[in-house]
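A.B. asks: Here you go, one structure.
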Amino acid sequence: MNGGDVGAGVVGGGEVSGVGPPPSPLDWKFSQVFGERAAGEEVQEVDIISAIEFDKTGDHLATGDRGGRVVLFERTDTKDHGIGRRDMERMDYPISRHPEFRYKTEFQSHEPEFDYLKSLEIEEKINKIRWCQTANSALFLLSTNDKTIKFWKVQEKKVKKIADMNMDPSKTPGNNGSGSSSSVPPSPKPYVVNGGYPNSLNNESFPPGGISSLRLPVVTSNETSLVARCRRVYAHAHDYHINSISNNSDGETFISADDLRINLWNLEISNQSFNIVDVKPQNMEDLTEVITSAEFHPSHCNTLAYSSSKGSIRLIDLRQSALCDSHAKLFEEQEAPGSRSFFTEIIASISDIKFAKDGRHILSRDYMTLKLWDINMDSGPVATFQVHEYLRPKLCDLYENDSIFDKFECCLSGDGQRVATGSYSNLFRVFGCAPGSTEAITLEASKNPMRRQVQTPSRPSRSLSSITRVVRRGSESPGVDSNGNSFDFTTKLLHLAWHPSENSIACAAANSLYMYYA
């Protein structure tokens, strides 16, 4: 699978970006892996990673898994010189090391529950994690499963370890060599009323060195440990499964979205939320589309976007009305005449949307493609990147084994020059989206990410007929991509995240977290 198969971006004329030649393609290298499994080792369902998120600084990374756990990692390579990486860059300090993270802590965020009213099991799987603003060196984050959102505070606490008493261990009862704790001392001391003195001291002054028989607890060590505490629980506000949570730039509110509704919450108030979008029809038989993803604008606290199962993105303005049933802008691509089939609506469904850091562009992922939209241009996407075009002849098989409903995430680089998304066989793709860029790289989530690379042809994309021909040639095998490489629908890379300020990507392959840098 090279740049030709996955399709270099078909860039329209609407994108606003820096003038000049496109940046040269990045050379990706393996950085780290956490939870790498040995060959043949069976993966436990509860250990499979289901969410990944960098914080705004990029110094912390959080993952959630199907077992309801949240694992935090912290960056270590910026602490070597005692100053931050950005400060080093300002001082032209030579940075020779690539980003390195280490395990920080983990905690059980959600437990399996049972809804007795609906006779419904609620699994503990973490659907999304979002970092909140830090305060007083404490980390704050939101995590959600299908029904319940939780607000967590993770902070270092000093733990004082106290010795039992400052007595000589050899003289304590039970340490006389026999190992018996029930032995009676040969000369027991008389008991004294609380606050009183032994008779021998009644007529004497207090000895200068203190009373040798007085025993006090002693602090033996001051250790620091990380403690995760659930500050708030936001529950009972969604009838359907929560698919998205997103923080507002005001630092005070966030949204949660399910199939039919989007709710607005205040971080401080857990027993009340406001329903701001409701697409539920009066008669459920009239339902034609559902909400698949929602995200706040990175800097405009009144603006948010949500995507639908029909392949459209709606931009709404919270200043227009309390219930935002009418959108400010609608982004959708018109269907090519004669191209409609049984699978058209299924593969058009958007599984994930992300705002670019500047807030000007939105990246969306449907089953076949990545699309980049300019929020000032609602006539169509400014760039389309073919991700799964080689799978088009196999849509029947994908429908039969439910793979066609897989929800792949997408992400953008901090500078907005590149986009990335996952695929099958633990592969992920990176595309250049700057004007004139033909960068399209396929990488594998392994210690050798370039293993699947072959020579990129000069032309940007193959014709559909040649793709079909190559795929059909490999029809005897379980599946073959357009390079002749076999692909495996059981190993899929759904979750990945791009570092907010550097070319570093974290991605999940089953229970393993792989990190790459360029």
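The values are calculated or read from the model by the stated rules, or taken from the named source; none is laboratory data. These numbers were taken from a predicted model, which means no experiment stands behind them. All Cβ positions, glycine included, derive from the backbone under ideal geometry; neighbour counts span all protein chains shown. Calculation scope for accessible area: heavy atoms of the full protein, side chains included, ligands and nucleic acids excluded. Shrake-Rupley method; radii C 1.70, N 1.55, O 1.52, S 1.80 Å.
A.B. asks: Within the range 368-393, can you find the residues that are basic (Lys, Arg) and either surrounded by 20 or more Cβ atoms within 10 Å (Cβ to Cβ) or at pLDDT 95 or above (or both)?
C.D. replies: Passing the criteria: only Lys371.
A.B. asks: Tell me which residues, restricted to the range 305-326, are assigned to a loop (DSSP other than H, G, I, E, B), touching a strand residue (DSSP E or B) at 6+ places or on another chain (Cβ under 8 Å) and either under 19 Å from Asn247 (Cβ atoms) or at pLDDT 90 or above (or both).
C.D. replies: Of everything in the range 305-326, those that are assigned to a loop (DSSP other than H, G, I, E, B), touching a strand residue (DSSP E or B) at 6+ places or on another chain (Cβ under 8 Å) and either under 19 Å from Asn247 (Cβ atoms) or at pLDDT 90 or above (or both) turn out to be Ser309, Ser312, Leu318, Cys324.
A.B. asks: Hey, another quick one. Quick check on my filter: what residues within the range 394-427 are outside any loop (DSSP other than H, G, I, E, B) and under 17 Å from Ala445 (Cβ atoms)?
C.D. replies: If the condition is that a residue be outside any loop (DSSP other than H, G, I, E, B) and under 17 Å from Ala445 (Cβ atoms), then Cys410, Cys411, Ala420, Thr421, Gly422, Tyr424, Leu427 are the ones that fit.
A.B. asks: Can you tell me how many residues within the range 348-367 are assigned to a loop (DSSP other than H, G, I, E, B), of a type in the set (A, V, I, L, M) and within 17 Å of the chain's Cα centre (by Cα)?
C.D. replies: 1
A.B. asks: Here is a further query. Only one of these is at pLDDT 85 or above, of a type in the set (A, V, I, L, M) and surrounded by fewer than 21 Cβ atoms within 10 Å (Cβ to Cβ): Ala440, Ala445, Ala420, Ala434. Name it.
C.D. replies: Ala434
A.B. asks: Hey, among the residues in the range 234-254 that are open to solvent by 70 Å² or more (accessible area, probe 1.4 Å) and more than 20 Å from Thr303 (Cβ to Cβ), which one's nearest to the chain's Cα centre (by Cα)?
C.D. replies: His241
A.B. asks: For the range 353-367, which residues satisfy the criterion of being crowded, with 19+ Cβ neighbours inside 10 Å and touching a His at 6+ places or on another chain (Cβ under 8 Å)?
C.D. replies: Phe355, Tyr367
A.B. asks: Another question about this same structure. Scan Glu45, Glu53, Glu89, Glu41 and give me the residue that is open to solvent by less than 80 Å² (accessible area, probe 1.4 Å) and either at positive phi or modelled with pLDDT of 55 or more (or both).
C.D. replies: The conditions single out Glu53.
A.B. asks: What residue, among those in the range 327-352 that are modelled with pLDDT of 80 or more and of a type in the set (S, T, N, Q), is surrounded by the most Cβ atoms within 10 Å (Cβ to Cβ)?
C.D. replies: Result: Ser351.
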